[in-house]
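These notes concern the structure reproduced below.
The values are calculated or read from the model by the stated rules, or taken from the named source; none is laboratory data. Since this is a predicted model, take the numbers as computed values, not measurements. A quick note on method: Cβ atoms are made from the backbone with ideal geometry, for glycine too, and the neighbour counts reach across all protein chains shown.
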Amino acid sequence: MSHEFGLTLNSTARYARRISPSGFAVCIFDFPGSGFGKSQGRDSVDMSVFTLKDDLASVFEYVKGLDYIDRDRIILGGLSQGGLVTALFAADHADEIYKMFLYYPALCIPDDVRAGNIMGVKIDPDNPEEKFRVTGSVNLGRKFVEDAKKLDPWKEMEGFDKPVLICHGTKDELVDISYAKKAAGLYKDCRLVEVKGGKHIFFMPWHINDVVFETVNFLKE
């Protein structure tokens, strides 16, 4: 499971602890250059969707090498920015992935960057600063902006034809649910769960419980 922008595996752990008792081995990890995680090797100013995609590729290879893993049934999960990264990676490796689930995927990132807005922070997409701060604690750099501008997620995602589950809050204040609806219409086999009243990142226990219930059922199908 790939975590959100600026967060760590502590976020995905909330779901892993609830999903694993149903018989699934869940791999969670920290992206280097994101928030206060333990993974090293990259500063946040050098991080972008493309570098995260490469990091996910490394984790994927690690998981495939585990002797207790069914390589024919590897499932990817991603949250927010991690959801965008997961969707892009899955499209390139569809023949190796059994299913995919996404929670409030940040498919808006390319649009937001082109519009000069990253999580409420105004930027100049044509001349981004070498270093700027977002969310009060994470510094980004020019690479994040330049790489995001190159993305056309809709074109890249359509190559994935395996089952997909998307869970998205109806009150998401960062990623409008219209992005999830568009993705659900793009994928050939996708179920969209609209989490009533859910915001970006599910904090309410009942939202988490509902999403885990839907996810476990999806994984068992």
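General remarks:
- With respect to the conditions (1) surrounded by 19 or more Cβ atoms within 10 Å (Cβ to Cβ); (2) hydrophobic (A, V, I, L, M, F, W, C); (3) over 25 Å from Gly116 (Cβ atoms), Ala183 falls short on a single one, namely (3).
- Of the residues making up the range 147-163, those that are of a type outside the set (A, V, I, L, M) and assigned to a helix (DSSP H, G or I) number 6.
- Each residue in the range 166-191 was checked for being small (Gly, Ala, Ser) and within 12 Å of Ala106 (Cβ to Cβ), and 2 pass.
- Check on Leu151, touching a helix residue (DSSP H, G or I) at 6+ places or on another chain (Cβ under 8 Å), at pLDDT 95 or above, crowded, with 19+ Cβ neighbours inside 10 Å and more than 20 Å from Arg191 (Cβ to Cβ): yes
- Among residues of the range 192-221 that are farther than 13 Å from Ile166 by Cβ, those with a beta-carbon under 8 Å from a residue that is of a type in the set (Phe, Trp, Tyr) and part of a helix (DSSP H, G or I) at least six positions away or on a different chain give the pairs Ile208/Tyr15; Val212/Tyr15.
- Filter result (crowded, with 16+ Cβ neighbours inside 10 Å and assigned to a helix (DSSP H, G or I)) within the range 187-213: His207, Ile208, Asp210, Val211, Val212
- Of the residues making up the range 111-136, just one is small (Gly, Ala, Ser) and either surrounded by 14 or more Cβ atoms within 10 Å (Cβ to Cβ) or touching a residue at least 24 places away in the same chain (Cβ under 8 Å) (or both), namely Gly116.
- Residues satisfying the criterion are present in the range 160-179 (criterion: closer than 21 Å to Val49 by Cβ, out of contact with any strand residue (DSSP E or B) (no Cβ under 9 Å at 6 or more places or on another chain) and not acidic (Asp, Glu)).
- Which numbered condition Ile166 misses (of (1) over 16 Å from the mean Cα position of the chain (by Cα); (2) of a type outside the set (Ser, Thr, Tyr); (3) part of a strand (DSSP E or B)): (1)
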